[in-house]
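Here the structure is laid out as structure tokens; the discussion comes afterwards.
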Amino acid sequence: MDKDRYQKGLDKLMEYTLTENANISTHLTISENLEDIAPDVGKYIIEFAYGDIYSRSGLTNQQRALVTISSLITQGTEPQIELHINTGLTSGLTQTEITESIIQLIPYTGFPRVLNALTIAKNVFAQRDNSQS
């Protein structure tokens, strides 16, 4: 394992990771949950996605989060949408920015996926608001 690449990815990942609430989905939770069946997946996420891609210059963490959320919505990948709405909030996006970005997708991906994503966002916002009380 390339420790520098892994550490670079882990450092970037932590910029998107809320650690104060164990009930909120994070990439670390995903890695832990897959440890017994696919231990390398967590390493791939950290080294490749966060070490190589998310660490590039040119976009802010918030911009990267919006691009990722939008892509996941168009693919209809609900569990990952929840995770990345959380990472978007942690990176500094507001609930309004996330909501408006989801609405912006109606002409491109359709009402069903947008409605699903808005429902997920509503649940994530409520969970995050309750965890801050």
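Overview of values
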| item | result |
| --- | --- |
| Tally, over the range 1-43, of residues that are at pLDDT below 85 and within 21 Å of S91 (Cβ to Cβ) | 14 |
| Some residue of the range 15-26 being assigned to a helix (DSSP H, G or I), surrounded by 13 or more Cβ atoms within 10 Å (Cβ to Cβ) and not small (G, A, S) | no |
| Top-ranked residue of the range 34-86 - restricted to ones that are in contact (Cβ under 8 Å) with a residue 12 or more places away in the chain, among the hydroxyl-bearing types (S, T, Y) and part of a helix (DSSP H, G or I), ranked as farthest from V114 (Cα to Cα) | Y50 |
| The range 81-104 - residue that is surrounded by fewer than 18 Cβ atoms within 10 Å (Cβ to Cβ) and not charged (D, E, K, R) and, of those, nearest to the chain's Cα centre (by Cα) | G92 |
| Subset of the range 105-115 [farther than 24 Å from T60 by Cβ and either under 15 Å from the mean Cα position of the chain (by Cα) or surrounded by fewer than 16 Cβ atoms within 10 Å (Cβ to Cβ) (or both)] | I106, P107, G110, F111, P112, L115 |
| Odd one out for D52 among (1) in the same structural domain as G9 (by TED's automatic domain parsing); (2) modelled with pLDDT under 95; (3) surrounded by fewer than 17 Cβ atoms within 10 Å (Cβ to Cβ); (4) not polar (S, T, N, Q) | (2) |
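The values are calculated or read from the model by the stated rules, or taken from the named source; none is laboratory data. Computed from a predicted model, the values in this text were never measured in an experiment. With ideal geometry, Cβ positions are generated from the backbone for all residues, glycine too; neighbour counts draw on all protein chains shown.
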